[in-house]
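What follows is a single structure, written as structure tokens, with notes after it.
The values are calculated or read from the model by the stated rules, or taken from the named source; none is laboratory data. The model shown is predicted, which means the values in this text are computed figures rather than measured ones. Using ideal geometry, Cβ is built from the backbone for each residue, glycine included, and neighbour counts are taken over all protein chains shown. Just the protein is used for accessible areas: all its heavy atoms, side chains included, with ligands, DNA and RNA removed. Shrake-Rupley method; radii C 1.70, N 1.55, O 1.52, S 1.80 Å.
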Amino acid sequence: MKLIRGARPLAIRVFAAAFLAAALVRLVRGLTELPLAEAVYALHLPWIAWSHDATIVALSAEFTIALIPLVWIYLFAAPFARWLVLGFGALRLAFLDPSALTGALLVAVAMASLLTPQAARWFARQPAGEDVPTIFE
């Protein structure tokens with residue numbers, strides 16, 4: 001992957017802002033309601049002895065993991081990251097937690113922005129000075 005230079009289209013900037021905001025909302029909500037986040041993790045992963053420290057680590061890891069496809073899309077125009085975000089976003093919306101509507105709305109906006117013609121052109125770009133490789137020269 002090579003860094004794509006130049007201005008990002010509006011659809012990609014909207015995606016980045018909405019996706020980052022959704023990840024931040026989840027992190028901040030988890031940190032401000034730590035006992036609730038700990039209970040949710042314990043419900044989903046009962047074989048782990050959850051403590052406040054383990055919950056903070058898990059919330060931080062989720063935030064960091066959310067940043068990876070954001071960087072792939074915003075800096076490198078990686079098409080596989082587009083489908084990764086759309087797939088996991090669809091799963092998140094399918095198992096919607098009614099108390100997390102703000103994050104779900106932000107994820108929906110981010111997903112929709114990846115399906116625009118502007119985004120399609122962004123993912124079709126080649127890094128500057130890079131030719132499409134020829135097979136069997």
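So if I restrict to the alpha-carbon atoms in region 19-59, what is the Rg, and what is Dmax, the biggest pairwise distance, in Å?
Radius of gyration, then largest Cα-Cα span, for region 19-59: 10.3, 31 Å.
Using only Cα atoms and rounding to the nearest 10 degrees, what angle (0 to 90) does helix 52-76 make with the longest principal axis of the chain?
10 degrees
Put +1 on the Cβ of each Lys and Arg and -1 on the Cβ of each Asp and Glu in the chain; which of HIS44, ALA22, VAL109 then has its Cα farthest toward the positive end of the dipole?
Most positive-ward Cα: VAL109.
Pick from GLY87, GLY30, GLY103: which is most flexible by mean-square fluctuation in a GNM of the chain where alpha carbon atoms under 10 Å apart are linked?
Among GLY87, GLY30, GLY103, the largest mean-square fluctuation in the Gaussian network model of the chain belongs to GLY87.
Specify the angular offset, from 0 to 90 degrees and rounded to the nearest 10, of the alpha carbon long axis of helix 10-32 from the longest principal axis of the alpha carbons in the chain.
20 degrees
Sum -39500 (n - 2.57) across every DSSP H segment of at least 4 residues in the chain, then divide by the residue count to get the 222 nm mean residue ellipticity, nearest 500. Intermediate results must be reported in sequence, preceding the final value.
Working: 6 runs with 96 residues, N = 137.
When only DSSP H runs of four or more count, the value is -23000 deg cm²/dmol.
Ignoring ligands, DNA and RNA, please state the percent of accessible area on region 1-81 from carbon and sulfur, probe 1.4 Å. Spell out each step's value before the answer.
Numbers: 3480 of 4710 Å².
Roughly 74 percent of what the probe reaches on region 1-81 is carbon or sulfur.
Could you derive backbone 3J(HN,Hα) for region 104-120 from the dihedral phi with the Karplus parameters 6.51, -1.76 and 1.60 (θ = phi - 60°), listing whole Hz in sequence and x where the residue is Gly or Pro?
Result, ordered by residue: 5, 5, 5, 5, 4, 5, 4, 5, 4, 5, 6, 9, 7, x, 4, 5, 4 Hz.
Just subtract the alpha-carbon distance of LEU86 and ALA7 from 0.36 nm times their residue separation and send over the number in nm, one decimal. Present the calculation step by step, with values, prior to reporting the outcome.
Numbers: separation 79, 0.36 × 79 = 28.44 nm, distance 2.30 nm.
My answer for the length gained is 26.1 nm.
Using a simple spin-label model with points 7 Å from Cα along the Cα→Cβ vector, what separation in nm is obtained for ARG121 and GLU62?
Here the modelled spin labels are 3.7 nm apart.
Could you work out the relative contact order of the chain, using alpha carbon pairs under 8 angstrom and six or more residues apart, expressed as a whole percent? All intermediate terms of the calculation are to be shown ahead of the outcome.
On the way: 124 pairs, mean separation 58.5, N = 137.
With pairs under 8 Å counted, the relative contact order is 43 percent.
What's the FRET efficiency of VAL71 with ALA112 using the Cβ-Cβ distance as r and R₀ = 22 Å, to the nearest 0.05?
Working: r = 20 Å, r/R0 = 0.92.
The computed FRET efficiency comes out at 0.60.
What whole-number value in Å² describes the accessible area per residue of the chain for a 1.4 Å probe? Provide the component values of the computation, followed by the final result.
Numbers: 8600 Å² over 137 residues.
For the chain, the solvent-accessible area averages 63 Å² per residue.
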